Amino acid sequence: MSTSWSTTDKATSRPSAPGPSDDLRRKRRAAKVRRLRTGLPGLLLVAPALAFYGVFVLRPLAATVQYSFYEWNGISTATWAGVDNYVRLLTDPDLLGPILNALQLIIYFSFVPVVFGVIAAAIIRKMGASRLAGISRTVLFLPQVIPLVAAGIMWTWLLATDGAVNQVMRVIGLDGLTRAWLGDFDTALPAVGVIGAWVNVGLCMLLMLAGMTKVDPSLYEAARLDGAGPIREFVSVTLPAVRQELGVAIIITVISALRSFDIIFISTQGGPGSSTMVPGLEIYYLAFFEREIGQASALAVALTVLVLIVVLPLNRLTRSDSDS
Amino acid sequence: MRSAALGAIGLLALAACSPPGGDEEPEETSAPTTSATTSASGEISCGTEEVTVEAYVETGFPVFAELAAEFESQHPNVTFNIREDQFAVITQNAPRILADSETDIMRLPQMSELASDGLLLDLDPYAEAFGWDQWPSSQLEQMRVDDEGRRGSGPLYAMGLNYSMTGVFYNVELAEQIGMTEPPATLDEFDAYLQAAADEGLTPLNQFNGGATGGLAFPLQALMASYGDPSEINSWVYQQEGANIDTESNLAAAQHLNGWIESGYFADDINAIDYAQMMARFIEGDSVFIFTGDWESGNLDTQMPGNAGFFLMPPLEEGGQLGAMSAPLTYGVSANAANPDCAATFLDWVATDETARTIAVEIGGSHPMGPADAFMPELDESSVTAQTLAAGATVAENNGTMDFIANATGSIYAQSWTPQLQNMVAGQQTPEGLLETVQSDYLEQIGE
Amino acid sequence: MNTTARELWTGRILLIVVMAVTIVPFVSLFITALHPPGTYPPGLALPEEFHWNNFLLAFEAANMGALLQSSFIIELGVVPVAILIATLAGFALGHLNVPFKRTLFIIFVLGLTLPFEGIIVPLYYQMREYGLLNTQLAIILPLIGLFMPFAVMWMRAHFVNMPQELSEAARMDGASTWQLFWRVHVPLSRPAIASLAILLFLWTWNQFLLAIVLVDDPEKRTMAGALGAFQGQWGTDIPLLCAGSLLILTPTLIVFLVFQRQFVAALLQGAVKG
């Protein structure tokens, strides 16, 4: 931009008349002014949303990055810590563990419900407009609308030593396997995962169903005529059609695994030991309990970046050919 | 993508500007201190105008609410607005509540950081005005914090509603069933009873150890007192120079505890049991012994009258040093309190008023604070309340009181003891590793 | 035909099993809520006597009246404002020529993945600076901001699909941008707006993290946040806790069942486009 003003000397001394380039530049500038003027109402309309987003999301986001380079207890003046907080993040098992746990939760929060969602959707689609199909669509979605806190409370009770899960297991003769699911090192994380899976199945099912209803029924008939079984039929007809929805389901559920907080806060508080500690909860503890604001912020930055790293490639995958 | 990069640069640019928290430091730390002495009339009281005292207390301990109700009826202009949470929640919320809300009086978790961060009101002016400094000094010791965050000396930052003491409660019927007619005199005898209970198919011991509350710290500390010197544990809890939890005698205690775990003396699911569940099961007769404190005495006298007994953790050899974890039920006044005088008046009243002392004993189960010769309510000799009060006197005579090892720093309980003890139950931590880890966390937390 | 029939039956049975697994936790919660307060009922056992009174007890213990009021204040503060400004922005980004459109779009899109935990710490200090801690505004203001990426993208996706001819025709008639928006587009966007409103309502109701961090007093929180506090206080009284949980989650079920059709349609559209 600034070059167009500073080169006066040479420009004037040159013999060439106002050439096409000059003309073009002026035109461009005029176009820009026009664009701004016609664009002004649009900008004004975006402004309030942008203002809220800027002040209450982008500003704290920037502050998170800022805090992460300091050592601060939230009360006295902070001291510059450079990358210390990040170094500790990568070397301290207490901080690395939660990240690994969150990654492991992806299996339960995302993979399991997606699989169940696909199966449920395939069954429901076949039933067409039957009553059972309609009811099951509603029922399976219920866990999605209630507060996660409530889901956590329900399941904590179900998974307790005297809870329904152990009760059922005793009835079917699995006495030997009953345990306090959320209090056992080997089962606490999967048990928390079950809660997440329970919550997410409905969403996945609904997304898959939406994708499947777009498929031309004649394709299924054709597949059947070719002698395809339900599995072949699913792989060759259904799956390609629901790719986009599948991608969305995976993205949403993966994010829900990485940012899990409510369920764990209620059911295990990260324990036993730190076997169910996740980044969200660790950030909360560090910031408001141990008052290591800098360390909490570094973990928050890491979590934000982690979500982006995991989600961006998934996003590209789902969009590449379906959008063209 | 380009805009994302630009955004990132913007964030970094912001990160480089002035450090957070710089501008608001002074006002928070200097405000309190003098309010007690500046009361116009010189008399500290709740005055005569309508006052609402904001209180934040622990769920499951009705003693505060009972005391508050009695105080309200004696002082009609005072109303208590009580909010309750479980102790673990209070622990997490404490710094924020004290810094950013108008709570006058609250149940305190470990307080050294709260005090050194200037969040608590220095109660010394009140102690002087009310004559608390004439009481046996050991009562207030645990609530004094010096400028380095060490407890034991320095300004007074909290006050007790009473001081509680811990030990072993047992179910009398079940104890008879395993042949225990009187409390064990040595640790060996106690071990034998535990084994006998296991042989009978009973659950010998139950203890809460789930969630954020590692209750195995109770038996661990009791064992530490059997094997070692209670005063060494105190100096560790008070953050005295060079104090170490990782000693030979403590290791022996941790190994003994691990032995109990390995022998299957504890209920299988202790890592999932919370405090209330432990109590509910004990009252239902599901376990022979539990480790807890005299704050349950009143409750047990109502829920299982005549069927609950108490003894102090036995020493290694008969007649040896007795130790017990004993701590005031600490309540602090916020440095930002709107009604500090009234809060302090309440705390003084709790220790001196006869009705209040009766409530402290009958509902609270523990010995009230106050002068040594102060009023004590009459008690039924056979009640477990009477037993715990008597045991408390014994411990005091023996100089066996210790502060709770979970009170050494603000986060030692949640961050170290609890997860490490849960690990040990699951066989994922050794006694050696337990003490080593806790000691290194401790050093890190006190900044050495 | 035989194989198809068998498939159908296997399908039905599978579906019923999955439904049972979904429903059982609700049933367990309900049954447990009817046991005597203060007990630890064993699993799915029916109580000897139904303690319907627990719901009343929980209602009083949680001070549910005040909680409802607070939740509605927060809903009223968040949903209309968020809808209005997101619709404006979505309209502009989806239908008008806005300078830096691409950049603005990307800025909002990036926000879609942002975990709330990523900004919660500074948000606390920011609210403290504003003196808003412990007020409903401490939840309302950030929540509007946090909903913007989704809400703007949602409305943008809707407006992108509105035919340009419509606007051109209105322009020929001399309509200003505002008139175009208010008279032509908003009436045509009712379904999209209604769906967004339902989603935002539920998300606000269920918001937990902001509530527990920014507001101490449960009576000034969202419903989910209040439930957290209720658990913090009554977590040891299982029947009461279950009764309280039911009271707090029931409104979400009602909203869902009543608006089910819009809701499901909305979620599908939004998820795929957004």
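Some observations on this one:
- q = 0.08, 0.11, 0.13 Å⁻¹, chain B: log10 I(q)/I(0) [Debye, one scatterer per Cα]: -0.48, -0.87, -1.17
- DSSP-defined antiparallel bridges as percent of all bridges, the protein assembly as shown, nearest 5: 60
- Taking amide H positions as modeled 1.01 Å from N, with prolines and chain starts lacking one, the residues under 5 Å from B:E84 and 5 or more places away or on another chain are B:V57.
- Prolate/oblate/rounded label for chain C (Cα gyration tensor, a/c 1.5): oblate
- Helix-only [θ]222 nm of chain C, DSSP H runs n ≥ 4, -39500 (n - 2.57) each, per residue, nearest 500: -24500 deg cm²/dmol
- Neighbourhood net charge (14 Å Cβ-Cβ; Lys/Arg +1, Asp/Glu -1) for C:L137: 0
- Computed over the stretch A:121-275, relative contact order equals 33 percent, with contacts defined as Cα pairs under 8 Å that lie 6+ residues apart.
- FRET efficiency for B:E318 and A:S76, using Cβ-Cβ distance with R0 set to 56 Å, rounded to 0.05: 0.60
- Ranked B:E362, B:E296, criterion: other C-beta atoms within 10 Å, fewest first: B:E362, B:E296
- Karplus 3J(HN,Hα) series, Hz, for the stretch C:50-62 with 6.51 cos²θ - 1.76 cosθ + 1.60 (x for Gly, Pro): 7, 8, 4, 4, 4, 5, 5, 4, 5, 4, 6, 4, 8
- Potential lengthening between A:D22 and A:I107 on full extension [0.36 nm per residue; Cα-Cα distance subtracted]: 24.6 nm
- Degrees separating the helix C:260-273 axis from the principal Cα axis of chain C, which is the longest one: 60
- If the convex hull is drawn through the Cα atoms of the stretch C:147-250, its volume per residue in Å³: 121
- Phi to ³J(HN,Hα) by Karplus 6.51 cos²θ - 1.76 cosθ + 1.60 over the stretch C:216-224, Hz, x for Gly, Pro: 7, 7, x, 7, 10, 9, 6, 5, 5
- C-alpha long axis of helix A:188-212 to longest principal axis of chain A, angle in °: 70
- Neighbour-count ranking [beta-carbon atoms within 10 angstrom, fewest first] of C:F147, A:F289, B:F266: A:F289, B:F266, C:F147
- Label zone at C:L166, where the point sits 7 Å out along the Cα-to-Cβ direction: the stretch C:123-158 residues whose backbone N lies under 13 Å: C:156-158
- Two-site FRET efficiency, B:S231 against A:L100, from Cβ-Cβ distance with R₀ of 56 Å, rounded to 0.05: 0.85
- Summing charges over all other residues whose Cβ lies under 11 Å from the Cβ of A:A222, with Lys and Arg as +1 and Asp and Glu as -1, gives -3.
- For chain A, a Gaussian network of Cα nodes joined below 10 Å ranks A:R170, A:R37, A:R179 by mean-square fluctuation, and the top entry is A:R37.
- Of the residues A:T91, A:T276, the one with the fewest other Cβ atoms within 10 Å heads the list, and the complete ranking is A:T91, A:T276.
- Principal-axis tilt of helix C:137-160 within chain C, Cα atoms, nearest 10 degrees: 50
- Here the Karplus relation 6.51 cos²θ - 1.76 cosθ + 1.60, evaluated at θ = phi - 60°, turns the backbone of the stretch B:181-193 into coupling constants of 9, 9, x, x, 9, 9, 4, 4, 4, 4, 4, 5, 5 Hz, with x for every Gly and Pro.
- Under-5 Å amide H pairs with B:T292, H placed in peptide plane, nonlocal only: B:G167, B:F169
- Net charge, A:R232 excluded, C-beta distance under 12 Å - Lys, Arg +1, Asp, Glu -1: -1
Every number in this text was worked out from the coordinates using simple rules, so none of it is lab data. Computed from a predicted structure; not experimentally measured. Neighbour counts are summed over all protein chains in view; Cβ atoms, including those assigned to glycine, are modelled from backbone coordinates with ideal geometry.
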